[in-house]
1. For region 220-232, enumerate the residues that are open to solvent by less than 70 Å² (accessible area, probe 1.4 Å) and at pLDDT 95 or above.
2. Which condition from (1) more than 30 Å from His156 (Cα to Cα); (2) open to solvent by 10 Å² or more (accessible area, probe 1.4 Å); (3) aliphatic (A, V, I, L, M) is the one that Ala83 breaks?
3. Restricting to region 115-161, and then to whatever is of a type in the set (S, T, N, Q) and either at pLDDT below 95 or within 26 Å of Pro247 (Cα to Cα) (or both), can you tell me which residue is farthest from the chain's Cα centre (by Cα)?
4. Out of Asp164, Asp195, Asp200, I need the residue that is open to solvent by 10 Å² or more (accessible area, probe 1.4 Å), in contact with a Gly (Cβ under 6 Å, 6 or more places away or on another chain), modelled with pLDDT of 95 or more and closer than 18 Å to Ala220 by Cβ. Which one?
5. Which residue pairs have Cβ atoms under 8 Å apart, sit 6 or more places apart or on different chains, and have a first residue in region 57-73 that is under 17 Å from Tyr162 (Cα atoms) and a second that is surrounded by 12 or more Cβ atoms within 10 Å (Cβ to Cβ) and of a type in the set (Ser, Thr, Tyr)?
Amino acid sequence: MRPDGVILDFGGVIALSRKNAGWQQRVAEEILALLGDAPLPLDRIADDLDAADTAYSLWRDAMSRPAEPVELSHESYVRDFIAADWPPASRNRLVGHESAICRAISRTQVTRTVRPGITRLLDWCGERSLPVAIASNALSGSVHREALDDFGFSRHITAQVYSDEAGVRKPNPALIHAAAAGLGLSASRCWYVGDRIDRDVLCSRRAGVAAVILTPVPHAPPRPFHVPVEPDHTLAKPGALVDILRPLF
């Protein structure tokens with residue numbers, strides 16, 4: 001079916017991420033400045049940031065099983081995943097700063113670069129007035145919005161929906177439904193492009209999109225468990241979708 005809109009994942013489709021060495025220490029310095037007269041050793045904060053990142057990664061994998069998973073709030077991530085065992089005075093100093101801390105983590109932890117081929121797809125959609133939305137899991141969607149601005153892609157994007165802002169995460173179909181609504185469409189009139197079967201393809205099938213496109217990231221870790229869904233097309237690069245769309249327009 002010719003789509004009336006295209007919905008994209010952010011990580012793995014729009015951008016590729018490379019983890020930065022020493023990010024824990026840099027974020028720990030920002031947190032230490034917030035603690036004022038209730039400080040903790042810098043290395044303790046950095047270790048807890050590293051542990052929180054590992055725990056959150058395992059939690060994200062587990063959340064591909066429920067039918068309607070919710071996203072952790074910034075408050076829960078900071079107070080439960082990072083600072084659960086901190087002295088009360090130190091934990092209390094973080095109140096009101098949770099979103100800023102999550103933003104600092106997301107901004108500092110990885111370097112994001114444009115995935116090869118995505119510019120071709122976005123330009124083609126723009127030339128044909130085919131609207132594009134983003135539906136993506138994110139610790140801090142504001143950092144993804146900033147990256148789209150930096151890449152020069154914001155002009156191509158009509159709607160952006162991120163899990164930390166919406167309160168639900170893929171494979172909860174509500175995230176895709178919200179992105180489709182941002183285009184003024186139903187999910188059944190859209191195609192979805194993502195890089196993971198256990199989150200993107202499963203979410204797309206649950207949402208009832210017209211077609212699901214998988215663009216796996218080279219050398220990505222294997223899916224943590226079997227998911228009984230498959231994409232309609234698997235492409236090496238997002239730009240290859242143009243060759244599938246062109247005959248329909």
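1. Val229, Pro231
2. (2)
3. Selected residue: Ser129.
4. Result of the check over Asp164, Asp195, Asp200: Asp195.
5. Listed pairs, sorted by first residue: Glu71/Ser163; Leu72/Tyr56.
The values are calculated or read from the model by the stated rules, or taken from the named source; none is laboratory data. This is a predicted model, so every value here is computed, not measured. Virtual Cβ from ideal backbone geometry, glycine too; neighbours counted across all protein chains shown. Protein only, heavy atoms only, side chains kept; ligands, DNA and RNA dropped before computing areas. Shrake-Rupley method; radii C 1.70, N 1.55, O 1.52, S 1.80 Å.
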